[in-house]
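For reference, the structure is listed below as structure tokens.
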Amino acid sequence: MTRALVIGAGPAGLMAADMLSAAGVSVMVAEARPSPARKLLMAGKSGLNLTRDAPFETFLAAYEEAAPHLRPMLQAFGPQDVRRWAEARGQEMFTGTSGRVFPRAMKASPLLRVWLGRLAARGVDLRTRWRWTGGAFAFDTPDGARAVAPDVCVLACGGASWARLGSDGAWADWIGVPVAPFQPANMGFCVDWSAHMARHFGTPVKNLRLTAGDMSVRAECVVSARGLEGGGIYAVSRRMREGHGLILDLLPDMDVAQVRARLARPRGKTSLTNHLRKVLKLDPVKQALLLEFARPLPDDLAPLIKALPIRHAGPRPMDEAISTAGGVPFAALDSRLMLRDRPGTFAAGEMLDWEAPTGGYLLTACLATGRWAGQGALDWLNRS
């Protein structure tokens with residue numbers, strides 16, 4: 001009999017398996033996809049941002065209302081612990097100028113290879129193409145229907161975005177507890193562009209301040225054929241999802257009076273676009289955004305350059321989101337992340353009801369909750 005079952009071979013599930021197997025527990029990991037950690041590998045293609053170098057309270061605040069629940073887990077395995085953990089697996093780490101922490105290799109595969117090797121050396125049994133179908137741990141497998149009867153289980157099934165990589169949220173229909181509705185997080189927003197914007201598709205808009213509600217960040221975004229996306233948009237996406245408008249400050253290093261004074265310089269026969277370029281160094285994509293959202297242009301452009309309201313048509317589809325809000329509420333779990341209505345079954349990672357911006361917060365919390373749930377499962381076994 002398998003003593004411990006982990007469902008999901010992403011960062012949270014592998015960390016739970018790591019904790020259990022390190023204590024000598026027999027562990028089977030069931031993964032629905034043909035290979036483990038597909039979302040982690042995809043995230044690593046643009047540079048694996050594992051965590052963030054920030055004071056603990058500042059880091060914790062990014063999780064907003066989930067922060068009190070996550071506090072003990074992140075205190076036990078926070079940003080510095082994540083860094084040391086990766087270094088112990090042969091990954092040289094560095095901190096970027098924004099405080100984001102990356103492996104020098106800038107991808108997930110070297111870390112994952114070592115991690116899986118260590119788990120295999122401990123006898124962890126990884127079963128791929130094993131899709132949980134509910135009930136008492138029933139699975140569809142390449143060899144037909146199978147059922148497992150573990151002594152303890154850690155669920156790490158992911159959220160509800162990037163279904164092709166394994167996170168489709170289907171587990172919400174049979175987990176047996178009320179689940180907070182899924183919503184997209186860290187997602188782009190649709191914009192119905194005018195034709196003149198087409199030449200700017202794919203262009204980054206740098207040196208911006210983006211504001212939505214009480215959230216304001218200095219960042220950049222990208223103009224795409226479908227709308228606006230990128231780090232700055234993701235950082236304020238929750239406020240936008242909640243109904244707050246998006247405001248762009250196109251020149252965050254100047255105040256309104258400075259912008260107005262420069263615009264007042266003699267223009268002569270120079271076109272408006274050339275005037276904006278010469279006196280403000282406003283690049284073509286920022287000019288295009290100004291013309292897109294400020295028409296008809298007022299005589300005094302300075303306030304709009306400093307606070308340009310962006311019209312959008314809502315978030316991109318949830319499956320395109322980097323992560324999701326919603327999932328198993330903390331009220332359904334005890335302090336060790338065990339489901340109150342399913343003794344011996346724990347939950348971790350993105351299937352829990354928390355969200356955070358990109359920038360190292362997502363992976364750190366997945367690792368920390370996976371570790372916490374794994375330790376909780378180990379404690380449960382030891383008490384039995």
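The values are calculated or read from the model by the stated rules, or taken from the named source; none is laboratory data. As the structure is a computational prediction, the values presented were derived from the model and not from experiment. For neighbour counting, all protein chains shown are included, and Cβ atoms are generated from backbone atoms with ideal geometry for every residue, glycine included.
Here's the yes/no breakdown for (1) within 20 Å of ALA325 (Cα to Cα); (2) among the small types (Gly, Ala, Ser); (3) buried (at least 18 other Cβ atoms within 10 Å of the Cβ):
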{"site": "ALA212", "(1), (2), (3)": "yes, yes, yes"}
{"site": "VAL223", "(1), (2), (3)": "no, no, yes"}
{"site": "ALA235", "(1), (2), (3)": "yes, yes, yes"}
{"site": "ILE247", "(1), (2), (3)": "no, no, no"}
{"site": "ASP253", "(1), (2), (3)": "no, no, no"}
Return the residue satisfying two criteria in turn: it lies in the range 237-296 and is free of Cβ contacts under 8 Å to residues at least 60 places away in the same chain and among the polar types (S, T, N, Q), and of such residues it is nearest to ASN207 (Cα to Cα). GLN287
Out of VAL177, VAL114, I need the residue that is surrounded by fewer than 20 Cβ atoms within 10 Å (Cβ to Cβ), in a loop (DSSP other than H, G, I, E, B) and assigned by TED's automatic domain parsing to the domain that holds GLY360. Which one? VAL177
Which one of ARG33, ARG38 is touching a residue at least 24 places away in the same chain (Cβ under 8 Å) and over 29 Å from ARG100 (Cα atoms)? ARG33
Evaluation of TRP130 against (1) farther than 22 Å from PHE330 by Cα; (2) among the aromatic types (Phe, Trp, Tyr); (3) modelled with pLDDT under 95; (4) over 18 Å from the mean Cα position of the chain (by Cα) (one fails), failing number: (3)
Output the residue which, of all residues in the range 320-361 that are assigned to a helix (DSSP H, G or I) and either of a type in the set (Lys, Arg) or in contact (Cβ under 8 Å) with a residue 60 or more places away in the chain (or both), is surrounded by the fewest Cβ atoms within 10 Å (Cβ to Cβ). GLU320
Among the residues listed as ALA43, ALA32, the single one being modelled with pLDDT under 95 and on the phi < 0 side of the Ramachandran plot: ALA43
Among (1) surrounded by fewer than 24 Cβ atoms within 10 Å (Cβ to Cβ); (2) over 28 Å from ALA235 (Cα atoms) - the single one GLY374 does not satisfy: (1)
Can you pull out the helices (runs of 4 or more DSSP H) entirely within the range 217-283 that have at least 3 residues that are under 32 Å from the mean Cα position of the chain (by Cα) and within 18 Å of ALA356 (Cα to Cα)? 231-241
